[in-house]
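Peer 1: Quick one: the structure is below, questions incoming.
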Ligand code: M6R
């Protein structure tokens, strides 16, 4: 998703390197074009932008030489208007005296652009970032000062966004937040802002988290906050961030994804400690037990965690829970929910629009809602009265890995507690994860090249491993660009079996109690020439029937599926790298999806 960064210095200097580095730190969000603008005290604006990678565009347009007293950079992930030079951000106003950029989605972009054209403003692109600039310009042209113009623009711009804007005629930058992330940083002799915290950390540890409906004015030596409603000042003390920078560096690994895969045991350990001491767990459990219906709501990988959570609640605690893809919650369940029902809304970023929309709909119906999120301070954590943190630190790589396993552990822990089972059994999980990574890494590296010859494969599971098969398939298609379908193993014979030809690869994920059923599935494909790769605990039946067995450590039927996702993560990683792709930043994708 798009990312914005802005900085205000006391005097004019070479801002190019700062803007390039800030843009590089935002790349994990996903983007297709990049731009930078500097504003000088003499009233000039230098704007350079194009489609392509940060390093390429910055080199082609020599961002490094850009000077100014203020600077803005933006990474764009296309929604309104194709990826192109003209649609890349930042954008200037009609007279080239104001420059701005946004993150998010202005849903009435098309209507507003038409209005601006009719009003005689010069509209150069189809992009809604430009619409934010003209939305302010239309009011400054009518004589409003910039703050009032931003307040009025806020009334016109529908959707969720954050934008930053600067006028050549003064020495400040202005920004507003409505739905999309925005954090302010205060340093020695400068102030800055960004779509997220990690991109500010190398510059300063003194930050202010901006709330929706707040207007920011960045001066070189201080920051003003105002309410968009009445323009009145808001007092908020800056906070000091103590998190380590290690989290946003690769720490010797070639990619963030591999680092994050290896971090899973340690973040699992941290999460389990936190859950044992958490008062919120009691609140969530109490409400979940008494709920008429319990819904687990998420998207993508987070939805897969909801799916396995619902299997855990049923198998361990006899508590039915309905897993729902967030956008489908609105038409399919929201009309029927009420205050007797409970929803758990799950999102790594805590900013996924589909999840937040489902949450808003649920709350309107009076449903009790909880959050499970990784990003502290995200919209989901603010919008729910009670939420559980995933304790993963930053997950930079677009493919979710450590946040998935910690989501699964959170559900497993809640199910154990609901069932009155001893949670000490779960404390072995981090060690088991370590052993799994060690055991499977060489097996996966050995098998990946032959699987990489295919652009089409299946991952199949049953019961607790069905969601793992879906998650493995999502990882594989997300970063190898091959078609991979995850399915219930028993469904394969109801149609897809016709795809099987000689050596056709199928990965079976076998839970320890489902081996006989998985073995049936394996034989249905191997007798037709298919190649079955099984992931499961050491079991003679798997060795006797599958072509290859990726062995994971022995545990129990609930922990085993959690371990079996690790080889699938590693497989997708190695296949992606062997294909020459960057697994951290797959094409077209974004880490934080703040659009419908
Ligand atoms: O931040 P969220 O957990 O709400 O994100 C939901 C999905 O966009 C996300 O899990 C996506 O499917 C992952 N990139 C897959 O690896």
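Peer 1: Which whole-angstrom value gives the distance between the alpha carbon centres of segment 20-52 and segment 265-304?
Peer 2: The distance from the Cα centre of segment 20-52 to that of segment 265-304 comes to 40 Å.
Peer 1: I need to check one value: relative contact order of the chain, counting alpha carbon pairs closer than 8 Å and at least 6 residues apart, in percent.
Peer 2: Numbers: 1372 pairs, mean separation 71.7, N = 596.
Relative contact order, the chain: 12 percent.
Peer 1: For segment 164-236 and segment 552-573, write down the distance between their C-alpha centroids in whole Å.
Peer 2: If we compute the Cα centre of each part, the gap is 43 Å.
Peer 1: Ranked from highest to lowest mean number of other Cβ atoms within 10 Å per residue, what is the order of the peptides 140-152, 344-356, 111-123? Write down the numbers at each step before the final one.
Peer 2: Details: 140-152: 16.9, 344-356: 27.2, 111-123: 15.3.
Listed from highest to lowest mean packing, they are 344-356, 140-152, 111-123.
Peer 1: Ranked highest first by average number of other Cβ atoms within 10 Å, how do 173-185, 539-551 line up? Intermediate values should be presented prior to the final figure.
Peer 2: On the way: 173-185: 24.5, 539-551: 18.1.
Sorting 173-185, 539-551 by mean packing, highest first, produces 173-185, 539-551.
Peer 1: Where does helix 515-526 land angle-wise versus the long Cα axis of the chain, in degrees 0 to 90, nearest 10?
Peer 2: 80 degrees
Peer 1: May I ask you to derive the relative contact order of segment 433-582, considering only C-alpha pairs under 8 Å and at least 6 residues apart, and to give it as an integer percent? Write down the numbers at each step before the final one.
Peer 2: Details: 285 pairs, mean separation 43.4, N = 150.
The value is 29 percent.
Peer 1: Which angle between 0 and 90 degrees, to the nearest 10, do you get for helix 429-451 versus the longest principal axis of the chain when only C-alpha atoms count?
Peer 2: Relative to the chain, helix 429-451 is tipped by roughly 90 degrees.
Peer 1: Sort out for me the Cα centre separation of segment 470-545 from segment 83-135, rounded to whole Å.
Peer 2: So the two Cα centres are separated by 50 Å.
Peer 1: Can I ask one more? Could you work out how far helix 353-364 tilts from the main Cα principal axis of the chain, as a 0 to 90 degree angle to the nearest 10?
Peer 2: Once rounded, the angle reads 90 degrees.
Peer 1: Restricting to Cα pairs below 8 Å that are 6+ residues apart, what does the relative contact order work out to for segment 253-421? Please round to a whole percent. Working shown, then result.
Peer 2: Values: 297 pairs, mean separation 49.8, N = 169.
With pairs under 8 Å counted, the relative contact order is 29 percent.
Peer 1: Still on this structure, please answer the following. So for each of 131-137, 236-242, 25-31 I average, over its residues, the number of other beta carbons within 10 Å; can you give me the resulting order with the highest mean first?
Peer 2: Working: 131-137: 27.3, 236-242: 10.4, 25-31: 23.6.
Per-residue mean Cβ counts within 10 Å order the peptides as 131-137, 25-31, 236-242.
Read the figures in this text as sums done on the coordinates, not as results from a lab. The structure displayed is predicted, hence computed values, not measured ones. Quick reminder, even Gly has a Cβ in these numbers, built from the backbone with ideal geometry, and neighbours come from all protein chains shown.
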